[in-house]
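Right, one structure below, let's go through it.
The values are calculated or read from the model by the stated rules, or taken from the named source; none is laboratory data. These numbers come from a predicted model, not from an experiment. Positions of Cβ are backbone-derived with ideal geometry, glycine not excepted, and every protein chain shown enters the neighbour counts.
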Amino acid sequence: MLTKRIIPCLDVRDKKVTKGVRFQNNVDLGDPVEMAVAYSDGGCDELVFYDITASAERRPIDIEMVRQVARAVHIPFAVGGGIQNLDDMRRVLLAGAEKVSVNSLAVENPGIIAEGARQFGAQCIVLGMDPAKTDDLARFPSGYEITTRGFRHRTGLDALAWAKRAEQLGAGEIVVNSVDADGTREGYELNLTRLIATNVGVPVVASGGAGVPRHLTDVFKEAFADAAIIASMTHSGEYSIKAIKDELIAAGVPIRRKW
Amino acid sequence: MITIVDYKAGNLTSVQLAFEHFGARVRITDDPKDVLAGSRVVFPGVGAAGAAMEQLAGLGLLDALRTVIGRGTPFLGICIGMQVLLEFSEEGETTCMGVLPGRVRRFRPRDPLCKIPQIGWNAVNIAKPHPLFAGIEDASEFYFVHSYYPAPADQVLIAGRTDYADAVFASAVARDNLFATQFHPERSGRIGLRLLENFADWNP
């Protein structure tokens with residue numbers, strides 16, 4: 001049976017992993033390569049790195065960091081945050097990343113998904129999306145509008161329509177990061193995750209809001225997520241991957257047990 | 001020395017880095033002469049079966065691969081490198097190498113929540129003991145990314161089985177000096193590295 005994946009997210013700024021509520025009050029947590037090794041040894045199933053300052057500063061992704069991670073860990077990892085074109089995708093993948101994640105770029109230029117999937121394979125192309133709740137159901141039938149640039153910009157795109165479009169274009173996986181739940185530690189947004197997961201044919205990764213292991217159980221069992229991103233609950237040392245997995249296994253969720 | 005066959009089907013960095021992790025020397029090549037000179041050959045690949053077969057033919061690699069398999073050189077196929085060893089793939093109705101009897105089929109799940117491709121970690125149930133599984137517990141999980149699965153015609157070939165989308169498929173096959181996996185040992189953490197290290201030490 002395919003197991004549910006637990007994916008720690010490492011936000012990197014100036015070669016350090018940071019965590020605040022995203023984009024604000026960031027605190028240095030450590031070296032990205034050392035943290036990747038610790039997480040891989042600790043039993044995480046995959047990793048994602050966001051080069052969070054790359055976009056704002058309009059500079060390319062730190063390829064040397066990607067190389068170092070690829071030499072140090074031998075599990076899949078994705079890189080996002082500063083991908084600006086196909087050439088960036090190629091460099092990140094050749095440096096050893098399994099996947100690249102595009103978010104704002106795909107909104108500005110949806111064709112990048114199709115072109116990336118054609119050149120590198122759909123399994124390499126992850127669409128990240130940041131949907132925010134809205135009451136304007138006439139314009140946004142799903143009840144969620146896609147935002148970009150650290151939630152500051154509203155795009156006018158309906159979340160479900162965008163997810164379906166991205167799937168048609170060739171995205172191999174969709175990360176649904178709830179703007180409303182992000183940083184709250186009160187749980188994933190189950191309605192949003194379920195809506196996307198039950199309406200697209202590709203795997204859906206839930207993101208935003210995890211605070212305790214029960215939140216992962218809920219998003220897997222009630223919202224049908226294929227994978228879940230975590231950050232502060234393990235970065236803080238409050239939970240180990242093993243502790244989270246033990247609780248998920250006890251709740252009957254299929255989880256990788258040997259590593 | 002590990003010879004990794006480069007036929008422009010995906011990214012070989014992770015395969016190279018996995019072997020280098022335990023000190024193996026690696027040569028990546030698209031030259032049939034280098035493949036023929038190889039003492040251990042790894043045949044990886046991701047992407048579509050049709051494109052893979054076209055590249056292999058275009059680079060003149062098909063005969064070299066058949067020769068090293070036939071003469072007893074330790075040979076490891078991974079993902080598309082496993083699938084194209086069979087006779088036929090439903091992906092693009094592609095005629096494949098026919099080194100192994102059988103076909104490659106598409107997953108057709110009844111459950112709409114069962115996603116295609118299969119992406120993630122799934123258990124490999126060891127069907128027969130093999131030197132490449134040394135030190136690896138039965139039902140260990142490996143990393144998979146695929147929409148099609150190998151269906152060898154001869155059950156004796158099956159070294160490992162995995163369950164997905166209403167199919168129990170051959171996730172590893174073995175015959176003489178040939179071993180092939182649908183999963184990605186290079187992405188499967190410590191357990192995957194163990195399988196690759198076993199391959200580097202294997203004397204069939």
Selected residue (criterion: modelled with the lowest pLDDT) from residues of region A:1-18 that are more than 15 Å from the chain's Cα centre (by Cα) and either buried (at least 16 other Cβ atoms within 10 Å of the Cβ) or under 19 Å from A:Met65 (Cα atoms) (or both): A:Asp14
Single condition A:Gly183 does not satisfy, out of (1) surrounded by 23 or more Cβ atoms within 10 Å (Cβ to Cβ); (2) out of contact with any Pro (no Cβ under 6 Å at 6 or more places or on another chain); (3) away from every other protein chain (no Cβ under 14 Å); (4) not polar (S, T, N, Q): (1)
Selected residue (only one of A:Gly156, A:Gly121, A:Gly150, A:Gly116 is more than 14 Å from every other protein chain (Cβ to nearest Cβ), under 30 Å from A:Glu64 (Cβ atoms) and not hydrophobic (A, V, I, L, M, F, W, C)): A:Gly150
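Could you check region B:13-113 for helices (runs of 4 or more DSSP H) lying wholly inside it with 3 or more residues that are modelled with pLDDT of 95 or more and among the β-branched types (Val, Ile, Thr)? Steps first, please.
On the way: elements: B:13-21, B:32-37, B:49-58, B:62-71, B:80-83.
Where helices (runs of 4 or more DSSP H) fall fully within region B:13-113 and carry at least 3 residues being modelled with pLDDT of 95 or more and among the β-branched types (Val, Ile, Thr), they are B:62-71.
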Helices (runs of 4 or more DSSP H) wholly inside region A:165-237 that include at least 2 residues being free of Cβ contacts under 8 Å to residues at least 40 places away in the same chain: A:190-197, A:213-221
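Would you confirm whether or not region A:136-143 contains a residue that is among the polar types (S, T, N, Q), more than 14 Å from chain B (Cβ to nearest Cβ) and either in contact with a Leu (Cβ under 7 Å, 6 or more places away or on another chain) or at positive phi (or both)?
Yes, region A:136-143 contains a residue that is among the polar types (S, T, N, Q), more than 14 Å from chain B (Cβ to nearest Cβ) and either in contact with a Leu (Cβ under 7 Å, 6 or more places away or on another chain) or at positive phi (or both).
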Counted residues, region B:35-54 - those being crowded, with 18+ Cβ neighbours inside 10 Å and farther than 14 Å from B:Cys79 by Cβ: 5
One residue from A:Ala225, A:Ala197, A:Ala166, A:Ala210 being within 14 Å of chain B (Cβ to nearest Cβ), closer than 20 Å to A:Val126 by Cβ and touching a helix residue (DSSP H, G or I) at 6+ places or on another chain (Cβ under 8 Å): A:Ala225
Qualifying residue in region B:49-64 (condition: under 30 Å from B:Arg105 (Cβ atoms), within 13 Å of chain A (Cβ to nearest Cβ), in contact with a strand residue (DSSP E or B) (Cβ under 8 Å, 6 or more places away or on another chain) and touching a residue at least 12 places away in the same chain (Cβ under 8 Å)): yes
